[in-house]
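Quick notes on the structure that follows.
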Amino acid sequence: MRVRKTALVAALSSLALLTGCGAADMTKQASPFANAQGAKTVTLSVQSWVGAQANVAVAQYILEHELGYRVDTVQVDEVPAWDALSQGRVDALLEDWGHPEQEQRYVKDKKTITAGGELGVTGHIGWFVPTYLAKQHPDITNWKNLNKYSHLFRTPESGDKGQLMDGSPSYVTNDKALVKNLKLDYQVVFAGSEAAQITQMRQFAKEKKPFLTYWYTPQWLFKKVPMTEVKLPPYKEGCDADPEKVACAYPHTPLQKYLNSGFAKNGGKAAAFLKKFKWTTEDQNEVSLMIADKKMAPEDAAKKWVDSHRSTWKKWLS
């Protein structure tokens with residue numbers, strides 16, 4: 001989802017986090033089960049945002065309960081996940097928002113990573129305001145008018161500029177360049193994580209306060225806090241090629257899966273299943289909502305979805 005940063009988060013033995021999305025050497029902290037010779041184990045990379053966790057929760061549940069695998073998960077930011085995948089420290093990455101440099105290096109040049117097909121979900125990053133604010137000021141949804149309203153978005157963190165709230169610095173983001181190149185009177189302020197960003201947005205919405213935020217679809221929060229996208233200059237192929245000169249909207253990105261090439265070739269039923277794993281935005285949001293809003297354990301949310309969508313996931317096993 002999200003431009004390419006640093007910092008390993010942590011290794012997990014189970015998918016216990018609810019929300020959140022590097023170049024630390026995560027390979028030295030990888031799962032002890034990854035690439036275990038002769039063992040029926042699979043190691044999945046899980047990013048910190050809840051949609052990615054929903055993917056892994058369902059895949060993990062089916063691998064364990066239908067195919068009899070031991071599944072280990074490792075939480076790691078976007079770029080280090082590619083490094084770990086290339087080196088076989090994790091077997092699969094189920095949601096990538098587009099990293100052309102890593103794809104060129106590992107998929108096309110080194111061939112240590114194999115494309116695993118589309119996830120079935122199209123991701124889009126954008127700037128959003130709460131719909132109640134868009135109704136009060138309809139022209140606020142055009143970037144050309146944002147400076148007129150910058151005073152509405154001032155916070156202690158942004159000073160005399162309007163606040164553009166981002167999540168984690170590790171996410172794919174062009175926002176600092178956009179603010180500079182579009183000459184906007186705004187300051188990018190990082191909440192720190194998806195969870196922290198959601199907390200702030202819900203508090204703003206509860207008090208009907210204005211906010212301007214970097215956000216993305218699919219995301220379950222839209223069901224709780226209706227938001228309207230601000231129109232940025234149209235995206236055109238290559239307009240974001242130079243990170244320092246970006247002055248266009250974010251693209252709509254069909255999210256992709258990637259597998260370690262050795263695992264893709266020799267991973268048996270697990271690899272075949274993960275290649276076929278493909279669901280809809282609605283499916284992902286359903287599980288994400290259970291995890292993040294209803295506070296269900298990821299395994300319980302996955303079980304509930306699996307129990308009610310048998311016809312969907314059975315196709316992934318054929």
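The values are calculated or read from the model by the stated rules, or taken from the named source; none is laboratory data. Note that the coordinates shown come from a computational prediction; the quantities given were computed from them, not determined experimentally. Cβ: placed from backbone, ideal geometry, glycine included. Neighbour counts: every protein chain shown. For accessibility, only protein heavy atoms count, side chains too; no ligands or nucleic acids. Shrake-Rupley method; radii C 1.70, N 1.55, O 1.52, S 1.80 Å.
The gain in end-to-end length when the H252 to L317 segment is fully stretched comes to 20.5 nm, 0.36 nm per residue minus the alpha carbon separation. Please report the antiparallel percentage of the DSSP beta bridges confined to the stretch 123-252, to the nearest 5. Counting DSSP beta bridges with both partners in the stretch 123-252, the antiparallel share is about 60 percent.
Sort the stretch 123-252 into rounded, prolate or oblate with this rule: let a ≥ b ≥ c be the square roots of the eigenvalues of the Cα gyration tensor; rounded if a/c is under 1.5, and if a/c is not under 1.5, prolate when a/b is larger than b/c, oblate otherwise. Judged from the Cα gyration tensor, the stretch 123-252 comes out rounded (a/c under 1.5).
Rounded to the nearest angstrom and listed largest first, the equivalent-ellipsoid semi-axes of the stretch 278-318 from its Cα gyration tensor are 19, 11, 7. For Kirkwood radius over Cα pairs in Å, the value computed from the atomic coordinates appears in the list (1) 20.2; (2) 23.7; (3) 21.9 under label (1). Cα centroid separation, the stretch 99-157 to the stretch 228-289: 13 Å. A convex hull fitted to the Cα coordinates of the stretch 116-183 yields 140 cubic angstrom per residue. Each residue, A196 and K278, gets one label point 7 Å from its Cα in the Cβ direction; the gap between the two is 3.8 nm. Per-residue ellipticity at 222 nm from helix content only, as computed over the chain with -39500 (n - 2.57) for each DSSP H run of at least four residues, stands at -8500 deg cm²/dmol.
Whenever you get a sec, compute what percent of the accessible area on the stretch 123-252 sits on carbon and sulfur atoms (1.4 Å probe). Heavy-atom surface of the stretch 123-252 belonging to carbon and sulfur, 1.4 Å probe: 52 percent. With all protein chains kept in place, the per residue accessible area of the stretch 123-252 amounts to 48 square angstrom at a probe of 1.4 angstrom.
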